[in-house]
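Working notes for the structure below.
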Amino acid sequence: MSNKIVSKREMLRYVGDHHQLFGIKPYTMTGGRANGVRAFDVRNGSGLEFTVLQDRCLDISALSFRGVNCSYLSKAGVVSPYYYEKDGNGFLRNFYSGMLTTCGLRNVGSPCVDGGEAFTQHGRISNIAAENVNACVETGNNLSAMDVGGTKAKYGDFDASEPPAVMTVSGTMREACVFGENLLLHRRIVCRQGENKILICNTVENAGFRREALLLLFHFNVGYPLLDDNAYLVAPSAKVTPRDAAAEAGIATWNRCQKPAPDYREQVFYHDLKADKEGNTSVALINKKLNLGIALHFNKNQLSHFAQWKQMGEGEYVMGLEPCNCFVDGRTAPRNRNVINCLEPGETRRFDIVLEILEETGECLFD
């Protein structure tokens with residue numbers, strides 16, 4: 001059967017169970033520090049496969065396309081939130097990386113102390129398990145009624161034709177403390193049969209009764225073999241700013257990848273991305289040798305900043321593509337003081353991203 005999108009009735013002529021072609025498989029991991037982590041494997045029927053971790057913020061760990069791995073999995077491996085460490089290198093000890101690790105909601109970047117409160121590196125949200133989780137496969141054109149917010153860009157819009165099935169994983173993460181914050185991250189991950197895109201809809205709600213700072217970063221991590229010395233980053237950057245001296249030394253080759261190097265020191269670059277009149281923009285990691293790439297489509301009215309994490313070390317070989325609403329230096333850093341967003345009591349804010357697999361990498365993403 002071809003990968004072309006067909007009607008439900010046509011599909012049922014060929015199969016008795018849709019799991020033969022696509023679907024969602026729930027399961028629980030066993031062994032090591034991953035023991036007890038609940039997960040969903042999603043297959044879209046045309047080669048896109050990925051894993052959503054229920055106990056880690058509904059983040060995405062492994063992602064592959066037609067057998068080619070696209071994500072970076074760190075030596076820490078998948079770690080249950082039971083082993084969460086808040087001090088020192090705690091974040092790095094359970095940073096499995098994966099295709100997506102969500103950072104926030106009250107700090108992004110370096111650990112710091114603000115108003116007498118200690119904030120961990122990249123915040124707590126990636127170690128919070130989801131509640132009210134629903135994973136379902138719906139047949140028919142169930143996506144047509146969905147509001148995809150600012151991601152209805154010409155590069156990120158979903159096809160309006162009738163698909164045989166829509167796969168959805170959704171749930172809520174609560175970052176809360178007695179006498180403190182009460183923030184909710186509502187997430188819905190949508191993938192349609194035969195369409196090699198993943199829509200990640202995020203809504204942050206301040207369910208408390210005090211004003212809260214909101215720092216949010218989506219840490220997408222591309223790994224080998226999609227990432228190798230043939231790969232490069234494409235971005236409509238009006239300006240590229242190195243974060244520190246290490247990045248400044250590599251500014252001339254910020255978009256190029258190399259072979260793994262010993263004692264490589266990470267480089268972080270801030271990009272001021274061009275966007276269309278509605279705020280839509282895109283970035284992509286391309287591997288011309290594989291004729292394969294990954295693009296992210298998002299809206300600068302939602303995610304005003306973009307950081308690039310370039311880590312070309314041995315065993316730690318990864319390119320991070322990071323749409324965000326702040327800088328990655330921690331909430332008390334000088335450069336963050338004028339950009340931190342706040343949520344008023346009862347306020348909600350939307351952050352949507354489309355991840356797209358690119359099979360025709362010669363096509364220009366940007367006008």
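The values are calculated or read from the model by the stated rules, or taken from the named source; none is laboratory data. Note that the structure is predicted; figures quoted are calculated from it, not measured. Ideal geometry is used to build each Cβ from the backbone, glycine not excepted, and the neighbour counts take in all protein chains shown. Calculation scope for accessible area: heavy atoms of the full protein, side chains included, ligands and nucleic acids excluded. Shrake-Rupley method; radii C 1.70, N 1.55, O 1.52, S 1.80 Å.
Tabulated values for the structure
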{"quantity": "Other-chain or far-sequence residues with amide H under 5 Å of residue 231's (modelled H)", "calculated": "257"}
{"quantity": "For the range 8-20, 3J(HN,Hα) per residue [Karplus equation, 6.51 cos²θ - 1.76 cosθ + 1.60, θ = phi - 60°, Hz, x = Gly/Pro]", "calculated": "4, 4, 5, 4, 5, 5, 9, 10, x, 9, 5, 5, 4"}
{"quantity": "Rounded, prolate or oblate (a/c below 1.5 giving rounded, otherwise prolate when a/b exceeds b/c) for the chain by Cα gyration tensor", "calculated": "rounded"}
{"quantity": "Choice from 204, 108, 68 with maximal GNM fluctuation in the chain (Cα, 10 Å cutoff)", "calculated": "68"}
{"quantity": "Of 25/289; 239/259; 25/86; 25/288; 277/300; 197/288, pairs whose Cα-Cα distance is over 22 Å", "calculated": "25/289; 239/259; 25/86; 25/288"}
{"quantity": "Residue-level accessible surface for residue 61, protein heavy atoms, 1.4 Å, Å²", "calculated": "10"}
{"quantity": "For residue 58, residues with placed amide H under 5 Å, excluding near neighbours", "calculated": "53, 130"}
{"quantity": "Cα gyration tensor category, rounded, prolate or oblate, for the range 237-367 with a/c compared to 1.5", "calculated": "oblate"}
{"quantity": "Accessible area (Å², 1.4 Å probe, nearest 10) - residue 274", "calculated": "120"}
{"quantity": "Packing rank of 37-49, 295-307, 237-249, where each peptide gets the mean count of other beta carbons within 10 Å, highest leading", "calculated": "295-307, 37-49, 237-249"}
{"quantity": "Dipole magnitude of the chain about its Cα centre (Cβ charges: Lys, Arg +1; Asp, Glu -1), debye to nearest 20", "calculated": "140"}
{"quantity": "FRET efficiency, 1/(1 + (r/R0)^6) with R0 25 Å, evaluated for residue 86 and residue 27 via beta carbons", "calculated": "0.30"}
{"quantity": "Charge dipole magnitude, Cβ of K and R +1, D and E -1 - the range 1-117, Cα centre, debye nearest 20", "calculated": "500"}
{"quantity": "Heavy atoms of residue 92 accessible to a 1.4 Å probe, total area in Å² rounded to 10", "calculated": "90"}
{"quantity": "Full-stretch length increase - residue 258, residue 338 - with 0.36 nm per residue and alpha-carbon distance subtracted", "calculated": "25.3 nm"}
{"quantity": "Positive dipole terminus of the range 207-253, leading residue within 217, 235, 250 (C-beta point charges)", "calculated": "217"}
{"quantity": "Prolate/oblate/rounded call for the range 216-301, Cα gyration tensor, a/c under 1.5 rounded", "calculated": "oblate"}
{"quantity": "Spacing of the two label points (7 Å from each Cα toward its C-beta) at residue 138 and residue 276, in nm", "calculated": "2.6"}
{"quantity": "For residue 91, net neighbour charge (Lys/Arg +1, Asp/Glu -1) across residues whose Cβ lies under 12 Å away", "calculated": "+1"}
{"quantity": "Charge dipole of the chain about the Cα centre (unit charges at C-beta), most positive-ward option of 275, 178, 302", "calculated": "178"}
{"quantity": "Under 11 Å, Cβ to Cβ, from residue 247 - net charge with Lys/Arg +1 and Asp/Glu -1", "calculated": "0"}
{"quantity": "Simple spin-label estimate for residue 176 and residue 301 in nanometres, 7 Å along Cα-Cβ", "calculated": "3.1"}
